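Peer 1: Input: one structure, supplied below.
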Amino acid sequence: MRRDSQLHTLLADLHDVDDPEQALQRVVDTAVALINCDASATALLRDHTHIEQAAFTDDLAKRAALLQLELDGGPCLTAMLEGTTIRIDNTLSDHRWPRWSAAVAEFGVRSSISVSLTSGDPRSLGSLFIYSRHVDAFDAEDAAAVKVLAYHAAIAVRHNRKRANMTRAIDSRTVIGQAEGIVMALYDITADQAFAVLTRYSQASNRKLRDIAAEVARTRALPGDVAWPGDGVGRSDGIV
Amino acid sequence: MLSQTYIGRAPAEFTRVQQFTAAAVDAFDVDGAALTIIGATGGRLLVHATDTLSFELDELQFTLGEGPCIDAKYTGSPVLVGAMAGPEAQARWPGFARDAVILDVGAEFAFPLLSATVPFAVLQTYRHDPGELSRDHLAAGMSLLETSKARILHELTQHLSPVVAHAPLGVNDRTEVHQASGMVAVQLGIPIDDALARIRAAAYSRHVPVSAFAHDVITGQYVFR
């Protein structure tokens, strides 16, 4: 009962964080406040190999989390891939990830819970991990609580990303509009045609449209290092 | 003569925004409200305005580059103007306050919507009759704001995130003004920011909204030399 109301308050705070980095830190701080464990770690992974962002409440948690990538396996990676919750009651006697278990047992990690950061969307964002220095430290209730926390963490992360994307998109529209206007005036073409030109420059040079537009807006000319699509060489002084 | 087109009503999918602005009018006891997003690079996207005058006030602030909404966005705090005709407002926004009074706006109250500490949008409200917000109305309105903002943000992110810049949003994102800035920058050989300032000044001196004037620049009816 007490844990439920505690969870409710903690989860409300989770959604109130604006900065993505702070949000992740709030997740691990919440885990430690919610469950009787020694530390927590969370990581957002891209392609299951590349850490986009991570947060930890202590250095051991960080090592335990990162070792999984180095040693090519561990409960967090498996939890992420399979969308499951993995509880280890004794790292010395668990044989599922022998290299990892042996390594972390050596620096004191004896029990752990690993959960996928998922919120209904089948793609997992990463994982959430807690550990204890004691054997058999966690029970089914703890695992359930971590799972709920991970669910809300995933929502908070997605939320943060969306908001950041929205504001970035609006600023992009401004600079892309400006670049369109420049190209419209330089070549006496319509807005749609100007957009097509910018798009083709973006594709030809493998640069983001927003970045091409920013350069055009700043220099008042098309980037001079790419051939004019379809018609020969474009000159940066604007004369075709 | 350029006409003032009311281009401020959000498309149907922005149901929460429309409900919110209507509820804000009741809660704050004002005559109109608008939700606008002020970008970092000079853009201003009007998501929804409940009435023409709200749209005009938004447009006026965009034309002049000054006003309570802009201050609300940059300070992260509400900007409450009970006396638009009073000396404080007139001194703070000389161009805007004067024109707002001419438009029969006696008071304006602007509120930033914050995600944690970062403003992501501004609620603009106005009243014909001057006078501060009563404590009860201010409390009711702020309460509405606090309870609505998460859902508003969600709705905005759902419909305003397309990466493809040219996808029509259906909202007044003033693309033509930015395009016109680019054209004028080339026509006069000046930086974009200066071009926008020139467009604003020209629109203002002709007593037309900058969006409408920008349209004339784009269609070639007006060429800067």
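The values are calculated or read from the model by the stated rules, or taken from the named source; none is laboratory data. Computed from a prediction, not measured in an experiment: that's the story for all the values here. Glycine gets a Cβ as well: all are built from the backbone with ideal geometry, and neighbour counts include every protein chain shown. SASA here: full protein model, heavy atoms, side chains in, ligands and nucleic acids out. Shrake-Rupley method; radii C 1.70, N 1.55, O 1.52, S 1.80 Å.
Peer 1: For region A:134-228, just say rounded, prolate or oblate: build the C-alpha gyration tensor, square-root its eigenvalues into a ≥ b ≥ c, call rounded for a/c under 1.5, and beyond that prolate if a/b exceeds b/c, oblate if not.
Peer 2: Taking the square roots of the gyration eigenvalues as a ≥ b ≥ c, region A:134-228 is prolate.
Peer 1: What does the structure give for A:157-167 when I average, per residue, the other chain Cβ atoms found within 10 Å of the residue Cβ?
Peer 2: 5
Peer 1: Run the 1.4 Å probe and let me know the accessible area of B:Val122, rounded to the nearest 10 Å².
Peer 2: Rounded to the nearest 10, the figure is 0 Å².
Peer 1: Here's another thing I want to ask about it. Sum up the charges of everything whose Cβ sits under 10 Å from the Cβ of B:Gly106, counting Lys and Arg as +1 and Asp and Glu as -1, but leave B:Gly106 out.
Peer 2: Taking every other residue near B:Gly106 into account, the sum is -3.
Peer 1: Take the alpha carbon gyration tensor of region B:1-117, find the square roots of its eigenvalues, order them as a ≥ b ≥ c, and report rounded if a/c is under 1.5; if not, report prolate when a/b exceeds b/c, else oblate.
Peer 2: rounded
Peer 1: Taking a ≥ b ≥ c as the square roots of the Cα gyration tensor eigenvalues, with a/c under 1.5 meaning rounded and otherwise prolate when a/b beats b/c, else oblate, which class fits region A:89-165?
Peer 2: Taking the square roots of the gyration eigenvalues as a ≥ b ≥ c, region A:89-165 is prolate.
Peer 1: Say we join alpha carbon atoms closer than 10 Å with springs in a Gaussian network model of chain A; which of A:Asp211, A:Asp139, A:Asp58 then has the biggest fluctuation?
Peer 2: A:Asp211
Peer 1: Still on this model: List every residue whose amide H lies under 5 Å from the amide H of A:Gly126, counting only residues 5 or more places away in sequence or on a different chain, with H placed 1.01 Å from N in the peptide plane.
Peer 2: Under 5 Å from the amide H of A:Gly126: A:Leu45, A:Leu117.
Peer 1: To continue, here is another question. Relative contact order for chain A: what percent, with Cα pairs under 8 Å and sequence separation of 6 or more?
Peer 2: Relative CO of chain A lands at 15 percent.
Peer 1: Which of the lysines could a cross-linker span from B:Lys149 if the Cα-Cα distance has to be under 19 Å and same-chain partners fewer than 8 positions apart are dropped?
Peer 2: Partners within reach: A:Lys162, B:Lys73.
Peer 1: Still on this structure, please answer the following. Averaged over B:173-180, how many beta carbons belonging to a partner chain fall within 10 Å of each residue's beta carbon?
Peer 2: 6
Peer 1: At a Förster radius of 51 Å, what calculated FRET efficiency corresponds to the Cβ-Cβ distance of B:Asp129 and A:Lys147, to the nearest 0.05?
Peer 2: Given R0 = 51 Å and the Cβ-Cβ separation, E is 0.40.
Peer 1: Output the DSSP H helices from chain A with an along-axis C-alpha extent of no less than 27 Å and a mean Kyte-Doolittle hydropathy no less than -0.5.
Peer 2: Answer set is A:140-187.
Peer 1: Can you give the local net charge around A:Asp72? Use residues other than it whose beta-carbon is closer than 15 angstrom to its beta-carbon, Lys and Arg +1, Asp and Glu -1.
Peer 2: 0
Peer 1: For A:Leu92 and B:His207, what is the calculated FRET efficiency with R₀ set at 60 Å and r taken between the beta-carbons, to the nearest 0.05?
Peer 2: 0.15
Peer 1: Between A:Ala196 and A:His8, what is the spin-label point distance in nm, taking each point 7 Å from the Cα along the Cα→C-beta axis?
Peer 2: For A:Ala196 paired with A:His8, the spin-label model returns 5.9 nm.
Peer 1: Related question: If we count every other residue with Cβ under 9 angstrom of A:Arg87's Cβ, Lys/Arg +1 and Asp/Glu -1, where does the sum land?
Peer 2: Counting the neighbours of A:Arg87, the net charge comes to -3.
Peer 1: Further question: For the protein assembly as shown, with all protein chains present and a 1.4 Å probe, just round the carbon and sulfur fraction of the accessible area to a whole percent.
Peer 2: 51
Peer 1: Could you work out, residue by residue across A:61-68, how many beta carbons of other chains sit within 10 Å of that residue's beta carbon, and then give the average as an integer?
Peer 2: 0
Peer 1: Have a look at B:Thr50, B:Thr15, B:Thr125 and tell me which one the Gaussian network model of chain B (Cα, springs below 10 Å) gives the largest fluctuation.
Peer 2: B:Thr15
Peer 1: Under a 10 Å cutoff between Cα atoms, tell me which one of A:Thr91, A:Thr78, A:Thr219 has the largest fluctuation in the Gaussian network model of chain A.
Peer 2: A:Thr219
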